[in-house]
Amino acid sequence: MITISKGISIMCGIQVLVARSEDEFDDTQWGRLTTANSRRGPDAHNELTIQAAQATIRLGAHVLHLRGHQTQVQPIVDQDSGDILCWNGEVFDGLDVGDQNDGLLLMAEIQRQNMEVFSRIEGPYAFVFLDRAHSRLWFARDYLGRRSLLMKQGGALVITSVADSVEGWIELSANKIFCMDLNSFTITVHERQGIPKVSQAIDHSLVMDVECSSLGNFLEISRWQPMIDQFKHELMSAIATRVASIPYREAHQTRVGLLFSGGVDCITIAALLTKILPQSEPIELFNVAFENPRLATQCSDAPDRKTGLQGWQELCQIDPLRPWRFVEVDVPYRDVIEHQDHIRQLLVPSNSVMDMSIGMALWFASRGHGKLVCKDQSTPYVGKSRVLLLGMGADEQLGGYSRHRSAWDSGGWERLGSEIDLDVQRIATRNLGRDDRVISDNSKEARFPFLAANVVKFLSQTPLHYKMDMRYPRGIGEKLLLRLLAYQLGLVQASTLAKRAIQFGARTAKMQSGKSRGQDML
């Protein structure tokens, strides 16, 4: 029997250890994992040690309270069957959750359908499920890999959201579900359905519609408007779903923030979000910038600071009644030195120079310690929101990377289409787990509207020439559909900003003299 509670929470840290006996447990390692995971879920912590078949299993759960009025204790235990679920995720579709606990409902669905339920639910997740009747331990991430789950095998099997050391960890493949037999201690792997293939449809008779002087010229052509409207509907629906369940702790509380460079991805999310939230509710815009000793530049010199301020001003123009909170997160080099070892540990098993540059920017930005800018003055400020919306997934699907233009230059539409499909198919194998580990360390949850199932499906089915057209110059041709939506929302300046990677915009790349490259190992 499972008691369904209307107190709904999100667990943010999983740690599980499976051994043949308690003698194989490493209590020192368990303590380190507890410390690391407690930063992800500081609101509640619980542990269980149980015997199942030939295995002794220790399970730990750390909760970040984001939904409902009460904190739901995890791991979730069915008192009748003895089944146990550690659930770190959100069910946005595929299961009628209402105001109930999605983890408890999911437990019941797993008991009815086994792993088939994961083929129909939508949302970011990682889980560990103990099936007592069949002596099996199941564990996996969502098919896009939006939540971290690591594994290490030695004397015992260790599964965790974040590592406690550098060596031996692997990130679970997102297109597989793993199952350990608790009698033989063998692990089997079950393939699952992945991301839909990207349409390669092209209207080869298509000619360049307009002069490239203004995005506004595209809007005068009738065939563009239905596509923009549908994209707006899908993206706005994804954003609304991802903010609907966040509780208010006090009146006019800030619940949602964005990592905000002023670029077209994040500012379009912000412009749609302001149409969804109550008018009086503040929205936090975290703009991170670093002192870079190699370049002898200050935080105010960073390119993302300049475009961020410009974007904030545009948002204030399109919705002047919204309390926009622009937070300048300035990071002096001494803070980089102080925190770099901790951030490097969060990256594991990712370990390149580029991982460090990106991870550094994401960690400081999501921490949200900075200055709140208001007109010509600023005051010290610490971010209040626990949910952060990020623009990851837009570049892969809409042709935002420089390699997409290179593909066009070398092979036209055919080569471009193949490159886009390759990028979309490998979203799950790239960096979302890394980003989750870094951001969640600050007790924040990242949500990605461009990676919502409905948005991915729509963009996968949309012909290439609506999403991008590299016959137009940089700042127009790539992510064309998104730029047209941004332009129509009133973001005239932001709609033509060229892509700039976060490590260059925030100035975390090459902070010291040397010849290290992004792909070099730390």
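The values are calculated or read from the model by the stated rules, or taken from the named source; none is laboratory data. If you're wondering where the values come from, they're calculated on a predicted model, not measured in any experiment. Cβ atoms come from the backbone with ideal geometry, glycine included; neighbour counts cover every protein chain shown. Calculation scope for accessible area: heavy atoms of the full protein, side chains included, ligands and nucleic acids excluded. Shrake-Rupley method; radii C 1.70, N 1.55, O 1.52, S 1.80 Å.
See the values below:
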quantity	calculated
Any hit, the stretch 295-303, residues being closer than 19 Å to CYS374 by Cβ, open to solvent by 50 Å² or more (accessible area, probe 1.4 Å) and touching a residue at least 60 places away in the same chain (Cβ under 8 Å)	no
Near pairs, Cβ below 6 angstrom, 6+ apart or cross-chain, from the stretch 254-268 (open to solvent by less than 10 Å² (accessible area, probe 1.4 Å)) to any residue that is among the hydroxyl-bearing types (Ser, Thr, Tyr) and outside any helix (DSSP H, G or I)	THR254/SER385; VAL256/SER385; GLY257/SER385
Residues that are farther than 19 Å from GLY505 by Cβ and open to solvent by 10 Å² or more (accessible area, probe 1.4 Å), drawn from the stretch 269-294	THR274, LYS275, ILE276, LEU277, PRO278, GLN279, SER280
One residue from ALA174, ALA126, ALA140, ALA156 being in contact with a strand residue (DSSP E or B) (Cβ under 7 Å, 6 or more places away or on another chain) and farther than 30 Å from VAL456 by Cα	ALA156
Criterion (in contact (Cβ under 8 Å) with a residue 40 or more places away in the chain and either outside any helix (DSSP H, G or I) or of a type in the set (Asp, Glu) (or both)) met by exactly one of LEU321, LEU309	LEU321
Residue satisfying all of: in the stretch 367-412; open to solvent by 10 Å² or more (accessible area, probe 1.4 Å) and of a type in the set (A, V, I, L, M, F, W, C); farthest from ILE195 (Cα to Cα) among these	CYS374
Failed condition for THR268, given (1) in a helix (DSSP H, G or I); (2) over 28 Å from ASP330 (Cβ atoms); (3) β-branched (Val, Ile, Thr)	(2)
Lone qualifier among ASP164, ASP181 - being open to solvent by less than 30 Å² (accessible area, probe 1.4 Å), in contact (Cβ under 8 Å) with a residue 12 or more places away in the chain and charged (D, E, K, R)	ASP164
Members of the stretch 124-149 found to be out of contact with any Leu (no Cβ under 7 Å at 6 or more places or on another chain) and over 17 Å from GLY103 (Cα atoms), listed by number	ARG132, ALA133, HIS134, TYR143, SER148
Filter result (open to solvent by 10 Å² or more (accessible area, probe 1.4 Å) and either in a loop (DSSP other than H, G, I, E, B) or acidic (Asp, Glu) (or both)) within the stretch 449-469	PRO463
Unmet requirement for ARG500, which otherwise passes all of (1) in a helix (DSSP H, G or I); (2) touching a helix residue (DSSP H, G or I) at 6+ places or on another chain (Cβ under 7 Å); (3) open to solvent by 10 Å² or more (accessible area, probe 1.4 Å); (4) of a type outside the set (Val, Ile, Thr)	(1)
Tally, over the stretch 125-142, of residues that are crowded, with 20+ Cβ neighbours inside 10 Å and under 14 Å from LEU157 (Cβ atoms)	5
Cβ pairs under 9 Å, 6+ apart, first in the stretch 418-442 and within 13 Å of ARG141 (Cβ to Cβ), second among the polar types (S, T, N, Q) and in a helix (DSSP H, G or I)	ILE427/GLN397
The stretch 356-366 - residue that is of a type outside the set (Val, Ile, Thr) and within 15 Å of the chain's Cα centre (by Cα) and, of those, surrounded by the fewest Cβ atoms within 10 Å (Cβ to Cβ)	TRP363
Yes/no for SER443 being farther than 21 Å from ILE221 by Cβ and either assigned to a loop (DSSP other than H, G, I, E, B) or among the small types (Gly, Ala, Ser) (or both)	yes
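Listed here are the residues, each with its yes/no results for (1) open to solvent by 30 Å² or more (accessible area, probe 1.4 Å); (2) modelled with pLDDT under 95; (3) not small (Gly, Ala, Ser).
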| site | (1), (2), (3) |
| --- | --- |
| ILE177 | no, no, yes |
| GLN193 | yes, yes, yes |
| HIS204 | yes, yes, yes |
| GLU211 | yes, yes, yes |
| PHE231 | no, no, yes |
| ALA238 | no, no, no |
